[in-house]
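A.B. asks: Dropping a structure here in structure tokens format, bear with me for questions.
The values are calculated or read from the model by the stated rules, or taken from the named source; none is laboratory data. On a predicted model such as this, the values are computed, not experimentally measured, just so you know. All Cβ positions, even for glycine, are placed from backbone atoms using ideal geometry, and neighbour counts span all protein chains on display. Accessible surface areas use protein heavy atoms only, side chains included; no ligands, DNA or RNA. Shrake-Rupley method; radii C 1.70, N 1.55, O 1.52, S 1.80 Å.
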Amino acid sequence: TGSGKSLCYIVPIVDHVLRTGSGKGIKAIIVYPMNALANSQQGELEKFLDPQKTGNPPVTFKRYTGQEGSEAREEILKNPPDILLTNYVMLELILTRPREKGLVKSASDLRFLVLDELHTYRGRQGADVSMLVRRLKNSIDAPNLLCVGTSATMGGSGQDQQEVVSDV
């Protein structure tokens with residue numbers, strides 16, 4: 001937490017959107033294991049990407065985790081953002097709900113799929129998320145898709161942690 005690992009994927013995503021143009025569909029989907037992380041990241045993005053505060057060209061982002069009201073969901077469906085913050089359950093629903101198929105179509109040129117806190121997906125849940133990633137890739141046929149997994153949890157402390165990092 002607070003190590004700055006989000007910048008490792010946010011900066012390239014924002015750079016890509018600025019280079020290719022905003023408003024051309026979803027360019028990045030960031031999947032969080034908990035809504036609290038998506039909420040926190042949304043707050044951070046608001047600090048740096050709000051065009052009214054920065055004066056920079058817009059890079060749009062929206063949270064779509066199931067917490068949003070019906071009006072916010074409708075707005076996202078009508079105007080998909082450049083960056084979609086979600087969780088794996090909602091991503092599954094996006095792929096299976098007929099009403100949300102427009103989001104899948106708008107991600108046909110998806111460049112980044114980020115799974116934050118990758119270490120949380122273990123066992124059956126890990127298998128489910130693995131299949132979800134495969135279904136998404138098959139649904140959008142994005143040949144230039146980059147899949148990114150992040151984790152700040154790699155082992156215990158001291159020597160043990162150094163061995164785990166070196167094994168990776």
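A.B. asks: Just list whichever of Lys24/Lys137; Lys53/Lys101; Lys24/Lys62 have alpha carbons separated by over 22 Å in the model shown.
C.D. replies: Numbers: Lys24/Lys137 19 Å; Lys53/Lys101 33 Å; Lys24/Lys62 14 Å.
Where the Cα-Cα span goes over 22 Å, the pairs concerned are Lys53/Lys101.
A.B. asks: For Glu71 and Asp167 in the same chain, what is the full-extension length gain: residue separation times 0.36 nm, less their Cα-Cα distance, in nm? Present the calculation step by step, with values, prior to reporting the outcome.
C.D. replies: Working: separation 96, 0.36 × 96 = 34.56 nm, distance 4.76 nm.
Working it through step by step, the gained length comes to 29.8 nm.
A.B. asks: If you keep only loop residues by DSSP, which GluC sites (Glu not before Pro) in the stretch 86-144 have at most 16 other Cβ atoms within 10 Å of their Cβ? Don't jump to the answer; show the numbers that get you there.
C.D. replies: Numbers: sites: Glu92, Glu100, Glu117; in loops: Glu117.
Qualifying residues, ordered by number: none.
A.B. asks: Given the Cα-Cα distance of Ser151 and Ser108 and 0.36 nm per residue of separation, how much length would full extension add, in nm?
C.D. replies: Numbers: separation 43, 0.36 × 43 = 15.48 nm, distance 2.69 nm.
That pair, Ser151 and Ser108, stretches by 12.8 nm at full extension.
A.B. asks: Same structure again: What spacing in nm lies between the two simple spin-label points modelled at Cys8 and His119, each 7 Å away from Cα in the Cβ direction?
C.D. replies: Rounded to a tenth, the inter-label distance reads 1.2 nm.
A.B. asks: On to the next question. Stretch Ser22-Arg135 to full length: gain in nm at 0.36 nm per residue minus the Cα-Cα span? Numbers along the way, then the final one.
C.D. replies: Working: separation 113, 0.36 × 113 = 40.68 nm, distance 2.57 nm.
Contour length minus the Cα-Cα distance gives 38.1 nm.
A.B. asks: Moving on. If you count only protein heavy atoms with a 1.4 Å probe, what accessible area per residue comes out for the chain, rounded to a whole Å²? Could the numbers behind the result be given before it?
C.D. replies: Numbers: 9470 Å² over 168 residues.
I get 56 Å² per residue for this part.
A.B. asks: Mean Kyte-Doolittle of at least -0.5 plus a Cα span of 24 Å or more along the axis: flag which DSSP H helices in the chain meet both, please. Before the final figure, lay out each step's value.
C.D. replies: On the way: long enough: 123-140 (26 Å, -0.34).
Membrane-span-like by this rule: 123-140.
A.B. asks: Identify all aspartates and glutamates with a Cα-Cα distance to Lys5 below 16 Å; exclude those on the same chain that are fewer than 8 residues away in sequence.
C.D. replies: Partners within reach: Glu44, Asp116, Glu117.
A.B. asks: As a test of the formula, what do you get for the chain when each DSSP H run with n ≥ 4 contributes -39,500 (n - 2.57) and the sum is divided by the residue count, at 222 nm and rounded to the nearest 500 deg cm²/dmol?
C.D. replies: After summing the helix terms and dividing by the residues of the chain, the value is -15000 deg cm²/dmol.
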